[in-house]
Every structure is written in C-alpha cells, then in structure tokens.
1. Rg and Dmax in Å for the range 13-105, alpha carbons only: what are they?
2. Can you give the helix-only mean residue ellipticity at 222 nm for the chain, where every DSSP H stretch with n ≥ 4 adds -39500 (n - 2.57) and the sum goes over all residues, rounded to the nearest 500 deg cm²/dmol?
3. Note down the nm distance, to one decimal, between modelled labels 7 Å out along Cα→Cβ at His180 and at Gln136.
4. Suppose we take every Cα in the range 94-161 and form the convex hull; what volume per residue is that in Å³?
5. Over the range 94-161, what relative contact order in percent results from Cα pairs under 8 Å that are six or more residues apart?
6. Could you pull out every residue, at least 5 positions away or on a different chain, whose amide H is within less than 5 Å of the one on Met166? Hs are placed 1.01 Å off N in the peptide plane, and Pro or chain starts have none.
7. At 4 °C and 1.567 mPa s, what whole-number value in µm²/s does Stokes-Einstein give for the translational diffusion of the chain, with Rh from the Kirkwood sum over Cα pairs?
8. Starting from the Cα gyration tensor of the range 181-224, take the square roots of the eigenvalues, sort them a ≥ b ≥ c, and report rounded, prolate or oblate (rounded when a/c is under 1.5, otherwise prolate if a/b is larger than b/c, else oblate).
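What follows draws every value from the coordinates through simple rules; no lab data is involved. This structure is a prediction, so every number in the text was calculated from the model and none was measured. Here Cβ is always computed from backbone atoms with ideal geometry, including for glycine, and neighbour counts include all displayed protein chains.
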Amino acid sequence: SVSQFPDQSPLIELCHVQKSYDGKNLVIQDLNLSIAQGEFLTLLGASGSGKTTTLMMLAGFETPTRGEIRMGGKPIQNVPAHQRGMGMVFQNYALFPHMSVAENLAYPLKMRGLGRSEIEQKVKRAIDMVQLHGMQARRPAELSGGQQQRVALARAMVFEPQVILMDEPLGALDKNLREHMQYEIKQLHRHLGVTVVYVTHDQGEALTMSDRVAVFHQGDIAQIGDPTSLYERPENPYVATFIGENNVLRGRPLERQGAELDVALEAGFVVR
Ligand code: ADP
C-alpha cells in the first residue's frame, strides 16, 4: 500500500539541497525528500518550479550548491552519472538516428562492457518488454512517435537500472497515445518493481500514475503525499488551488476518486 513508503528505509535521500545556477538566486530552496525503493514518485509543478533541476541533480548532470544527495545511505555527489545505476527518458527521446532499434538498445550495454551474447539476450528481452517485435532492424525515423517512445523506455531499462528518471517523457505525443503510454509505463513499473521518479506539469498524469506526488512551487515542495490526500487534504492554499483548478474528477464524491483512478488505470485509459 502507498502509505508504507515513508516508513521504509529510503533508497534515495535529498537533504537540505539548494541549487543556484548564477551564485545569487536559489532555484531550489531547501529540498528534503526521501524516495523509497520501488516507489513511483512524481514531481509535479508549474514551469520553472525546479522539477527538472531536481531530476538533473539526481541523475548527476547538475551538482547541488549546498546539501547532500544519498543513495542507499551513501553520498553520491562524486559518483558520475553513468555509475549511478539510473536510466533516463526525456521528452525528445534522443534515440541515435543512424542506429537501428536493436543497436540503440545495445548501446548502453556496450558502454558498460557487456559481452556479445549477454547483450543479445538483454536486447531481446527489452524488445519483448515493450512489444516491438519485428522492428529490431528499423531506424528511429521509420517508427511512429509512440514506437520511438517505447524504444526510449526500453533503452532506459535495458541495463536493469535500480532507478528510472523520466522528464516529461510523453510531452510530444498526442492525447490518445499519451494516455496509452501512461498505462504502459505504469504496467512496466508494476512488473519490474523499479523505482521511478517522473517529472510532469500535467496534474491528471501525476495523480493517475503515482504512488506519491511532490507538488513543486518556487523551488520548494509545497506538499507531498499520495494522490487522494492531495485532493482531500491540501495543506496550503497553493496546493488547494493548483490541484483544485485542474481537478479532473471535480464534482464526484471524494471518497470514490481513488477507486475511480484505479479502475481507469486497469481499464487502460485515464479519466480526463
Ligand atoms: P521546471 O522543470 O519545473 O520547469 P527548472 O528546474 O527547469 O523548472 O527551472 C527552475 C529555474 O531554474 C527556472 O527559473 C529556470 O529558468 C532556471 N534554470 C534551469 N536550468 C538552468 C540553467 N541551466 N541555467 C540557468 N538557469 C536555469
């Protein structure tokens, strides 16, 4: 159940993290956040609220100005991005255009020095996972947007990372495909038990997919909790307005909302 997450010993901790890009203004104020093993945590907030900066610090592409990031209890500030055991998916996919699907999937494994037969085996499993059979030899340009996004997902997962970081991964897709991919990502999360940190400004997406949602506002977390608690017990006017304004289930009895989200998810679509 969702409420167990804060009680487990955390996989990742951000302790009093601050970030300034210019040495003057803090774009991350004093961030304290614990992420549990296997959790689906979404960073939700308006543009400029600090979501991507937080993800980049987790990934190792940005360094905190102050504070500490720990993984499994150990500081990771000096661990380079490729040694953090994190897979990444971005909005623009960033597939290699000159490589086939299979070559794109093999790339992170080659980088990690795996042998040929092990690479073949893992690439095959990844293709099974995202159901891209028969597409191994195609180049990205020969795939639809949704298929490209699946390759990007598979590539982030092919080396079996402990954590997957996703930054607006579905932003470029049309509404129907986005809702379908939300369902697929959630299924993969459930199936693999991997820890997911997911960035979006789309409140419906956040509340449908997540175990917990951290609402970002001006470089701080305005509230963190499971989707139902954010609806029912906003702790401050900002969260009440931000969630309320976009309340996709407005007018329904509050106690039914959690159940409806589950039903919507299981049925493979998202209530809008
Ligand atoms: P979000 O992902 O919520 O839109 P960001 O983390 O991208 O927010 O941005 C937070 C703040 O930091 C914004 O004011 C943005 O302009 C600033 N910022 C982000 N990246 C950089 C950068 N590389 N250099 C300078 N300022 C940046």
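1. For the range 13-105, the Cα-based Rg and Dmax read 15.0, 46 Å.
2. -11000 deg cm²/dmol
3. 2.4 nm
4. 79 Å³
5. Value for the range 94-161: 49 percent.
6. Sorted by chain and number, the residues that satisfy this are Val89, Val197, Tyr198, Val199.
7. Details: Rh = 19.4 Å.
Once the numbers are plugged in, D ends up at 67 µm²/s.
8. Details: a/c = 2.85, a/b = 1.93, b/c = 1.47.
Note, shape of the range 181-224 comes out prolate.
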